[in-house]
Amino acid sequence: MRQEVIDTQDKILMAALEDVPFDGWSWQVVQEASVKAGFKVETADAVFPEKLNDVLIHFANWADRQMMAALKDINPDEMRVRDRVAKAVELRLRALEPYKDCVQASAGYWARPLKKIDAAKLIWRTADMIWIWAGDTATDYNKYSKRGLLSGVITSTMLYWLNDKSDNMDDTLAFLNRRIDNVLRFGKITGGIVSKVQSGVNRMKQQKQ
């Protein structure tokens, strides 16, 4: 996608985020935001052809871009892997903190039965970006299990964050760290099981040869 289109989408999105807390997500809000951002109403149709679905996908893309931009100032080599993952999730939430009401409204949209698959894909993509930044190079089942587990962490942490009233997201960060610790323990257990199963399969193959 051309940068010019992305820039236009960003401007319309930012204008819409000002009104969503009061009016909710609707295509009318986006069209009005297009005018507020200095464009024609038709511009919204041009850059968001799938209407509200495209807008909310772009909102998720925007959050990912803010996260990755903030991570550029951090050297992952100086951190443990679990801390790299936690920091990435934290920075994404901090980018969204001023727009928590908008995230809450979008959560209702993605919770619809016909939208859950698209929502899962968006979360998976975020998890993939985080793991790549964290230095993960797995290409076997570990690649998918890590991203699947982190997708669960991101989802549960965001739901917790939406109701967090603590200062500086302290309660959310504590919750996030607990979830990551639990996932790491689970990953070690399942990884050991899979390794043993694979070893057994390899022995059986050798015996048949």
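Out of the residues in region 20-37 that are within 23 Å of the chain's Cα centre (by Cα) and of a type outside the set (A, V, I, L, M, F, W, C), which is surrounded by the fewest Cβ atoms within 10 Å (Cβ to Cβ)?
Pro21
Of the numbered conditions (1) in contact (Cβ under 8 Å) with a residue 60 or more places away in the chain; (2) loosely packed, with under 14 Cβ neighbours inside 10 Å, Tyr141 fails exactly one; give the number of that condition.
Here Tyr141 meets the rest and fails (1).
For region 72-89, how many residues are surrounded by 19 or more Cβ atoms within 10 Å (Cβ to Cβ), more than 11 Å from the chain's Cα centre (by Cα) and not basic (Lys, Arg)?
We begin by selecting, within region 72-89, every residue surrounded by 19 or more Cβ atoms within 10 Å (Cβ to Cβ); these are 84-89.
Restricting the remaining residues to those that are more than 11 Å from the chain's Cα centre (by Cα) gives 84-87.
Pick out the ones that are also not basic (Lys, Arg) and you get 85-86.
Qualifying residue count, region 72-89: 2.
Got a number for residues in region 125-144 being part of a helix (DSSP H, G or I) and either modelled with pLDDT under 90 or over 15 Å from Val81 (Cα atoms) (or both)?
So the count comes out to 6.
Has region 66-83 got any residue that is more than 18 Å from Met169 (Cα to Cα), of a type in the set (D, E, K, R) and in contact with a Phe, Trp or Tyr (Cβ under 8 Å, 6 or more places away or on another chain)?
No, because not a single residue in region 66-83 is more than 18 Å from Met169 (Cα to Cα), of a type in the set (D, E, K, R) and in contact with a Phe, Trp or Tyr (Cβ under 8 Å, 6 or more places away or on another chain).
Kindly check whether there is at least one residue in region 189-201 that is in a helix (DSSP H, G or I), at pLDDT 90 or above and exposed (fewer than 15 other Cβ atoms within 10 Å of the Cβ).
no
Only one of Lys51, Lys40 is charged (D, E, K, R) and on the phi > 0 side of the Ramachandran plot. Can you tell me which?
Lys51
Checking Leu13 against (1) touching a His at 6+ places or on another chain (Cβ under 8 Å); (2) farther than 30 Å from Trp133 by Cα, which test does it fail?
Unmet for Leu13, out of (1) touching a His at 6+ places or on another chain (Cβ under 8 Å); (2) farther than 30 Å from Trp133 by Cα: (2).
The values are calculated or read from the model by the stated rules, or taken from the named source; none is laboratory data. Keep in mind that this is a model prediction, so the values were computed, not measured. Here the Cβ is made from the backbone with ideal geometry for all residues, glycine too, and neighbour counts use every protein chain on show.
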